[in-house]
Amino acid sequence: MEFLSSAWILLCTVLLVSALLFRKSGRGLKLPPSPTRLPILGNLHLISNLPHRSLCKLAQKYGPIMTIYLGSFPTIVISSSHMAEQFLRNYDHIFASRPVMGGDNDLLSPQKLTFSPYGPYWKFMRKFIIQELLSPNRMRSFASLRAQEVFAMICSIQSKAGTNPDSVVDVTKEVGSLTNNIICRMSFGKKLNEAQLDGRTFREVLYELLALSSSGFAYSDYIPLLGRLSLQGNRHRQAELAKILDVFMESIVDEHFERRKKGIDLECGDFVDSLISLSEDESMEIKITRDHIKNVTFDILAAATDTSAGVLDWAISELLRNPIAMKKTKEELDSVVELDRMVEESDLPNLHYLQSVVKETLRLYPPAPLLLPHESIEHATIEGYQLPKKTQLLVNVWAIARDPTHWEEASKFKPERFLGSQIDVKGHHFEVLPFGSGRRGCVGINLGFSIIHLGLAQLLHCFNWSLPQGITPQNLDMSEIFHINSRRAVPLLAIPTPRLPLQLYELNN
Ligand code: HEM
C-alpha cells in the first residue's frame, strides 16, 4: 500500500514536471505546424512502431515541414526533397550535430562517431576512420578479402543446396554473416565464430540490444521518470547485453595489445592497431582512451553489418517477387560474365541493370528511414520558421523516396527507372537519400556498394533462386521492423539451385 502511494506521488510529479516543460518548449517562436498534442505525451501517441510510415501520413496532413512533440520535446520532421536540400545542404553547417542520447558505455555513446555531437572529436574521428579504413587505397587493399568472403558465402550455400534439391537456405543469415565477416576482418583481422558472444552471434546480440534500446520514439526516452520506472524496455537486460559486448570488445583490444607486446609488424596492422597507436600518441590534443577504441570499433561493426546486409536481403526479396527483373539481371550477368566463371569486382561497372536493382532497393528500403537524428548548433530561421539552438531534426528519407510528385508508381519496384538516369543515391540528389547527405552523410558508401554489388551479383550468378513450397511472389512476407534502423521482420528463406559447373564452387576455394 505504502509502495503504491509513493508510486502515485512519483507519477504525479512526473506529470507536473512534464506539463511545465511542455508549456515552456518553443514558447514565443514560430515553429512549423504540428498535430494537436496531448499533455505529457505530446504526439507520441500518433507514432506507431514503424515511425517513418506514421510520420509520412502526418506529413500528408501537416506538410513537408512539421513539428512533432516527442513528449515535451519539439522535433522538426521534414518529408520533401526541397526541405531536405534546405536542411542538409543550405543549413547543413547548423544541423550537423547529434543529440546526446547515451552514456559513455551505452549503445548510443557520444564516443561513437555515429552519435558524437559536432565538434573536434567528431571531425577528427571521421577523418581518421576514412583514412585508416575507407580511403580508396584501403578499399583496394581489401578487395581480395571481400572476394574471399563472398566466395565463402557461396560455398556455404552450395553445401546446403547440394544436400537436397529442396534445401531451404536462410538468406538473411547468410548475407548477415557475409557483411559481418568482411567488416570484422577489415577492423580487427579475423572473423567471429558463430557463437562467440556468450553463445550467440554478434548480430543476435546487436539486434536484441537495438530492440531494447531507444528507438527514438519510446515514451521512456522523453519522460525520463517513466523511463526509470521501466514502463518500456528492460534496462536490466540492456545492461547484461552491453556487458556481453564489452567483454567481447575487451578481448579484441587485449589480443591486439598482446600482439604488440610480441612485436608484430605494425605495417600489417589493422584498424584496431591504428586506434591503439593513436591512444599511445602523447602529442594528440584529443586523448583516445581504451573506451574510445572499443566504442569506435563497435560503431563501425554495427554501422556496416546491418545496413549492407539489409539491402542484400530486400534486393533478393524484391527480385523473387518480380520474375521479369530477376530474368533481366541474370541475362545481363550471363552476357557480361558468362557461365564458365564467377563474378569479379572488375565486372561490376558493366552490370548496369544490377546497379539499378541496388539503387531501386535503396530507394524503397533505406536502412535508416529517418536517417539518424540531427541537432542544430545555433538558432536558424528556415522557410520562415524560427528554430532554436538544439532543435532535433528527423529527415524522412523513406517518405521522400516514395513521393509521387517525383516518382512515378512510387511504391513499385522498377529498377528501369534508374537506367540511363543521372540520379545517384549517394547524397547529391535530394529525391533519394539512403545515405543522408552533407557533413553527417554516411562515410561507408563505397564499402557498402562494393559489398552489396559483388554479393548480389555472385548470389544471382551462382544460383537460381526459388521460393519454398506454399510461398508465392504475391504472398512473400515483406513486413519490416524498426529499431533505429529498419530491416526485414522475418528471415528470407529461399531455395538455391547451382547454375555454374560444379567444379567452379571448389576450384577457387
Ligand atoms: C548500404 C549500406 C549503408 C547505408 C544505407 C548507410 C546509411 C547511413 C545513414 C543514413 C547514415 C546517417 C546519415 C545522417 O544521419 O545524415 C549513416 C552514417 C554512418 N555510416 Fe553508413 N550506411 C551504410 C553502410 C555503411 C558502412 C559499410 C559503414 C562502414 C564503415 C558505415 C559507417 C557509417 C558511419 C560511421 C556513420 C556516421 C557518420 C557521422 O555521423 O558522421 N555505413 N550511414
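The values are calculated or read from the model by the stated rules, or taken from the named source; none is laboratory data. None of these values were measured; they are calculated from a predicted model. Cβ: placed from backbone, ideal geometry, glycine included. Neighbour counts: every protein chain shown. Please note that ligands, DNA and RNA were not included when accessible areas were found on the heavy atoms of the full protein model with its side chains. Shrake-Rupley method; radii C 1.70, N 1.55, O 1.52, S 1.80 Å.
Picking from Phe435, Phe418, Phe413, which residue would you name as being among the hydrophobic types (A, V, I, L, M, F, W, C) and either open to solvent by 40 Å² or more (accessible area, probe 1.4 Å) or within 12 Å of the ligand (Cβ to nearest atom) (or both)?
It is Phe435.
Only one of Ile293, Ile286, Ile300 is over 25 Å from the mean Cα position of the chain (by Cα) and within 16 Å of the ligand (Cβ to nearest atom); which?
From the options Ile293, Ile286, Ile300, the qualifying one is Ile286.
Cβ-Cβ under 8 Å, sequence separation 6+ or interchain: first residue in the range 314-338 and over 16 Å from Leu467 (Cβ atoms), partner surrounded by 17 or more Cβ atoms within 10 Å (Cβ to Cβ) and of a type in the set (Gly, Ala, Ser). Which pairs?
Once the first residue is over 16 Å from Leu467 (Cβ atoms) and sits in the range 314-338, its partners that are surrounded by 17 or more Cβ atoms within 10 Å (Cβ to Cβ) and of a type in the set (Gly, Ala, Ser) give Leu333/Ala457; Val337/Ala457.
Could you list, ordered by first residue, the pairs with Cβ atoms under 8 Å in which the first is in the range 131-158 and closer than 17 Å to Ser274 by Cα and the second is not in a helix (DSSP H, G or I), at least 6 apart or interchain?
What qualifies is Leu134/Val443; Leu134/Gly444.
Can you pull out every residue in the range 61-97 that is among the hydroxyl-bearing types (Ser, Thr, Tyr) and over 10 Å from Leu393 (Cβ atoms)?
Residues satisfying the conditions are Tyr62, Thr67, Tyr69, Ser72, Ser79, Ser80, Ser81.
When only residues in the range 325-365 that are β-branched (Val, Ile, Thr) and surrounded by fewer than 22 Cβ atoms within 10 Å (Cβ to Cβ) count, which is farthest from Arg402 (Cα to Cα)?
Filtering the range 325-365 for residues β-branched (Val, Ile, Thr) gives 329, 336-337, 343, 357-358, 361.
After this cut, where a residue has to be surrounded by fewer than 22 Cβ atoms within 10 Å (Cβ to Cβ) as well, the list is 336-337.
On the way: Val336: 32, Val337: 33 Å.
So, considering only residues that are β-branched (Val, Ile, Thr) and surrounded by fewer than 22 Cβ atoms within 10 Å (Cβ to Cβ), the one farthest from Arg402 (Cα to Cα) is Val337.
Taking the range 42-57 as the search range and keeping residues that are open to solvent by 40 Å² or more (accessible area, probe 1.4 Å) and of a type outside the set (D, E, K, R), which one is nearest to Glu480 (Cα to Cα)?
Checked the range 42-57; the qualifying residue nearest to Glu480 (Cα to Cα) is Asn49.
Please find, among Leu502, Leu459, Leu447, the residue that is under 17 Å from the mean Cα position of the chain (by Cα) and aliphatic (A, V, I, L, M).
Result of the check over Leu502, Leu459, Leu447: Leu447.
Residues that are among the hydroxyl-bearing types (Ser, Thr, Tyr): find the helices (runs of 4 or more DSSP H) completely inside the range 127-192 holding 3 or more of those.
Where helices (runs of 4 or more DSSP H) fall fully within the range 127-192 and carry at least 3 residues being among the hydroxyl-bearing types (Ser, Thr, Tyr), they are 143-163, 171-188.
Would you tally the residues in the range 445-500 being within 22 Å of Thr305 (Cβ to Cβ), touching a strand residue (DSSP E or B) at 6+ places or on another chain (Cβ under 8 Å) and open to solvent by 20 Å² or more (accessible area, probe 1.4 Å)?
8
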